[in-house]
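**Q** Before I ask anything, here is the structure I am working with.
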Amino acid sequence: MSMSCKDGKSIEDNGKYVRYTPEQVEALERLYHECPKPSSMRRQQLIRECPILSHIEPRQIKVWFQNRRCREKQRKESSRLQGVNRKLSAMNKLLMEENDRLQKQVSQLVYENGYFRKQTQTTKLASKDTSCESVVTSGQHHLTPQHPPRDASPAGLLSIAEETLTEFLSKATGTAVEWVQMPGMKPGPDSIGIIAISHGCTGMAARACGLVGLDPTRVAEILKDRPSWYRDCRAVEVLNMLPTANGGTIELLYMQLYAPTTLAPPRDFWLLRYTTVTDDGSFVVCERSLGNTLNGPSMPQVQNFVRAEMLPSGYLIRPCEGGGSIVHIVDHMNLEAWSVPEVLRPLYESSAVLAQKTTMAALRQLRQLTLEVSQPNVTNWGRRPAALRALSKRLNRGFNEALNGFSSEGWSMLDNDGMDDVTILVNSSPDKLMGLNLSFSDGFTSLSNAILCAKASMLLQSVTPAILLRFLREHRSEWVDNNIDAYSAAAVKLLEVIKLEGVCHSPEDVIMPRDMFLLQLCSGMDENAVGTCAELIFAPIDASFADDAPLLPSGFRIIPLDSAKEASSPNRTLDLTSALETGPVGSKVANDLKSTGGTSKSIMTIAFQFAFESHMQENVASMARKYVRSFISSVQRVALALSPSNFGSVGGLRLPLGTPEAHTLARWICQSYRRFLGVELPKLSSEGSESILDSLWHHSDAIICCSAKAMPVFTFANQGGLDMLETTLVALQDISLEKIFDEHGRKNLCSEFPQIMQQGFACLQGGICLSSMGRPVSYEKAVAWKVLNEEDTAHCISFMFVNWSFV
């Protein structure tokens with residue numbers, strides 16, 4: 001064994017040094033950078049190609065490379081530990097400041113507690129005084145003062161700016177807001193920072209503290225460019241700028257935010273932004289809404305926008321010893337939740353949602369840009385990180401523009417087809433159409449002079465957005481209709497998935513094609529992140545795709561409406577592809593959205609764009625409505641299959657096909673039929689459990705299961721049963737057994753029910769029943785039998801309606 005030293009010496013087994021000349025070290029280093037771990041043949045080739053190494057044994061060269069790799073590993077580890085040490089030192093400083101703040105808050109609370117105790121005792125003594133004067137005086141403490149209009153002259157704006165600075169700093173480092181730790185966010189060397197949300201304050205507020213490897217000036221520049229990192233920000237326009245005597249600036253801004261769903265209007269803000277440098281050299285950028293002002297510029301209400309309020313917020317950026325910056329971020333908003341449907345209000349009142357979408361997004365952007373400085377500038381498929389960010393931003397922006405459908409962008413609404421579940425918008429603006437004609441590999445070229453957008457929203461319950469998104473991404477064939485979607489057929493070709501973990505430091509994927517056809521953005525895959533929305537956005541592209549090529553994004557977004565966490569397993573999506581073969585169902589519109597307590601809820605918003613020729617508008621609109629309704633139907637079936645309430649062995653479950661429970665139920669149905677009637681279920685193949693389930697599902701007769709209770713409700717039906725009842729597995733549970741029979745049928749069923757429970761089966765005469773839509777259905781006969789489980793107890797009751805048809 002021998003070792004090599006940093007200065008080019010090699011230590012042999014006998015303890016002697018073998019020196020390398022500078023030329024030999026240079027040659028070895030050159031090869032090391034080309035190939036850190038050369039094979040034996042490559043080392044021998046090196047000796048032959050480099051005469052200066054001819055006197056060195058191959059074994060010595062092998063040892064040199066081993067120790068060179070060891071030194072490189074040690075260097076990287078040392079660098080990593082130094083970085084961790086710097087970050088821990090900075091975080092320790094932040095935690096000490098947070099500890100001081102909490103101690104002040106405790107002192108304040110102790111003081112207030114003593115004060116209120118004294119007031120309580122005083123109130124008890126004064127309560128004996130029932131005079132009119134006492135009542136009036138006590139009531140005066142609850143009056144809300146009305147603030148007079150503020151002066152918006154230059155001197156008045158400076159006064160507002162200084163007041164905003166004071167209030168912001170009291171939130172960033174003081175006790176003006178009661179902060180609690182963000183659920184699921186624990187500080188540590190690998191965390192994004194210290195994240196807190198407000199408790200019990202006006203509006204919703206979030207705060208973050210973190211260390212980034214950029215200088216304060218650069219950090220301030222990035223954070224002020226809000227549209228570059230805040231996905232919901234449509235535009236920020238600086239309408240006026242005023243320098244201050246201390247070297248700072250006061251800016252008057254107008255900002256617009258996209259609406260995240262079709263069920264709510266977009267927001268806008270009229271803001272004052274104050275940028276200055278404090279006495280200790282820290283940069284401060286603080287903002288607040290301007291309202292009720294005189295003697296200065298103002299911003300009137302903009303049509304279709306709801307004017308929201310930003311309370312004192314901003315960024316405190318401190319230079320950090322050893323380089324970098326410590327950044328404090330405070331976001332405090334009132335988004336006027338009264339203007340949205342009640343079911344959506346948690347989205348507009350949640351501080352956790354604000355933290356994820358705004359506060360943490362700012363920190364992620366800073367960390368990503370820091371990472372790009374220290375890592376190579378080109379990804380593994382040849383595009384720079386900045387180009388990837390630009391593509392991601394353009395996909396998201398194009399989707400938001402279609403979702404919001406601003407008339408200023410050329411969008412106009414078409415009349416509906418008698419149902420208001422799907423909204424159709426059309427855009428013939430030349431700016432939207434430029435360069436959108438795609439050339440496909442089969443030589444076909446799509447020529448278009450208009451764009452149509454079909455959009456809708458639906459309420460989902462008891463399904464985790466991340467799990468649902470993962471299934472829809474991995475099983476695209478379950479919701480893509482190749483007969484409708486002109487570019488989806490190309491999307492099934494081989495695609496190369498490139499992870500963006502090192503590019504944008506957020507849970508996003510971009511799918512880039514080896515040939516052409518689809519660009520896809522996926523985000524929100526972390527099931528444990530509170531307040532995170534999940535979205536899948538994609539756009540068709542051709543083989544000549546360039547970074548600045550126009551895009552036509554479509555996709556969907558799933559927004560959680562509460563923070564309830566489900567005990568869901570990410571592996572539950574594995575065997576569901578074969579489960580989703582039920583019939584179509586219409587979607588629910590905003591007026592149908594009703595709050596249901598006790599279950600987690602989320603809103604899915606869908607927007608699909610289609611380029612078309614204007615003379616085909618009516619046909620394309622009809623096709624788009626069909627496409628969106630088909631997609632909604634598919635999502636409802638998937639959500640049902642992924643719902644935690646569907647897993648287990650309870651008699652009232654609505655089992656999704658393809659799961660072990662569904663296979664078990666199919667086996668119980670067939671075994672019980674054979675046991676009580678003495679024959680096999682007609683028209684059924686028995687080539688294994690999977691064939692039983694498949695045959696039962698596609699059986700020509702309607703087979704329906706109901707609970708064995710006093711008030712039976714349907715729990716399962718095959719395709720024939722769903723067609724007969726004109727329903728889906730999603731809505732099946734809402735139908736009771738007695739509702740489908742007429743009076744004669746109910747009497748007949750009641751007379752036969754004891755026989756079913758005692759004898760195990762009964763044959764019912766033919767008659768008439770009703771579908772869920774009220775349509776009469778005739779059947780030749782019906783057979784009912786008791787379904788037993790493994791313990792020979794009644795699990796449910798099955799009905800088979802033979803030769804049914806609509807009357």
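The values are calculated or read from the model by the stated rules, or taken from the named source; none is laboratory data. Just so we're clear, the structure is a prediction, and the values are computed from it rather than from any experiment. Reconstructed Cβ throughout: ideal geometry from the backbone, glycine too, with neighbour counts over all protein chains shown. Accessible surface areas use protein heavy atoms only, side chains included; no ligands, DNA or RNA. Shrake-Rupley method; radii C 1.70, N 1.55, O 1.52, S 1.80 Å.
**Q** Show the residues, 5+ positions off or on another chain, whose built amide H is closer than 5 Å to the amide H of residue 561.
**A** 601, 602, 603
**Q** Follow-up. Report the label-to-label distance for residue 112 and residue 626 in nanometres (one decimal), using points 7 Å from each Cα along the Cα→Cβ vector.
**A** It is 6.2 nm.
**Q** So if we plug the beta-carbon distance of residue 80 and residue 549 into 1/(1 + (r/R0)^6) with R0 = 41 Å, what FRET efficiency do we get, rounded to 0.05?
**A** E between residue 80 and residue 549, to the nearest 0.05, is 0.60.
**Q** Would you check the accessible area of residue 237, probe 1.4 Å, heavy atoms only, in square angstrom rounded to 10?
**A** Residue 237 has an accessible surface of roughly 100 Å² with all protein chains in place.
**Q** Roughly how many Å² of residue 698 are accessible to a 1.4 Å probe, to the nearest 10?
**A** 110
**Q** Turning to a different aspect of this structure: Let me know the charge dipole size of segment 19-112 about its Cα centre in debye, to the nearest 20, where only the beta-carbon of Lys, Arg (+1) and Asp, Glu (-1) is charged.
**A** 440
**Q** Taking θ = phi - 60°, what integer Hz values does the Karplus form 6.51 cos²θ - 1.76 cosθ + 1.60 yield along segment 299-308, in sequence order, with x for Gly and Pro?
**A** Result, ordered by residue: 10, x, 4, 9, 4, 6, 10, 9, 6, 9 Hz.
**Q** For residue 41, what accessible area in Å² do you get when you roll a 1.4 Å probe over the heavy atoms of the protein chains, rounding to the nearest 10?
**A** Ignoring ligands and nucleic acids, residue 41 comes out at about 150 Å².
**Q** A further question on this structure: With every protein chain kept in the model, how would you rank 48, 68, 775, 226 by accessible area, 1.4 Å probe, largest at the top?
**A** These residues rank, largest area first, as 48, 775, 68, 226.
**Q** Once every Cα of segment 154-373 carries one equal point scatterer and solvent is ignored, give the base-10 log of I(q)/I(0) from the Debye formula at q = 0.13, 0.15, 0.18 Å⁻¹, two decimals.
**A** So the normalised log intensities are -0.74, -1.01, -1.45.
**Q** If you don't mind, there's one more thing I want to ask. Stokes-Einstein D for segment 699-806 at 20 °C, 1.002 mPa s, Kirkwood Rh over Cα pairs, in µm²/s?
**A** Translational D for this selection: 156 µm²/s.
**Q** A further question follows. Less than 12 Å Cβ to Cβ from residue 262, Lys/Arg counted +1 and Asp/Glu -1: what total charge do the surrounding residues give?
**A** Local net charge: 0.
**Q** What FRET efficiency would be calculated for the residue pair residue 151, residue 120, taking the C-beta separation as r and a Förster radius of 45 Å, to the nearest 0.05?
**A** Here the calculated transfer efficiency is 0.65.
**Q** Another one. Greater than 32 Å separation of Cα atoms is the criterion. Which listed pairs, 393/601; 224/626; 455/601; 626/781; 76/171, meet it?
**A** Beyond 32 Å: 224/626; 626/781; 76/171.
**Q** Name the long-range amide H neighbours of residue 767: under 5 Å, sequence gap of 5 or more, or other chain; modelled H, no Pro or chain starts.
**A** Residues meeting the amide H criterion: 779.
**Q** Another one. I'd like the Karplus ³J(HN,Hα) series for segment 72-83: coefficients 6.51, -1.76, 1.60, θ = phi - 60°, whole numbers in Hz, and an x wherever there's a Gly or Pro.
**A** Listing the rounded values in order: 5, 5, 5, 5, 5, 5, 4, 4, 5, 5, 4, x Hz.
**Q** On average over all directions, what projected area in square nanometres does segment 19-112 have, based on the convex hull of its Cα atoms?
**A** Its average projected convex-hull area is 8.9 nm².
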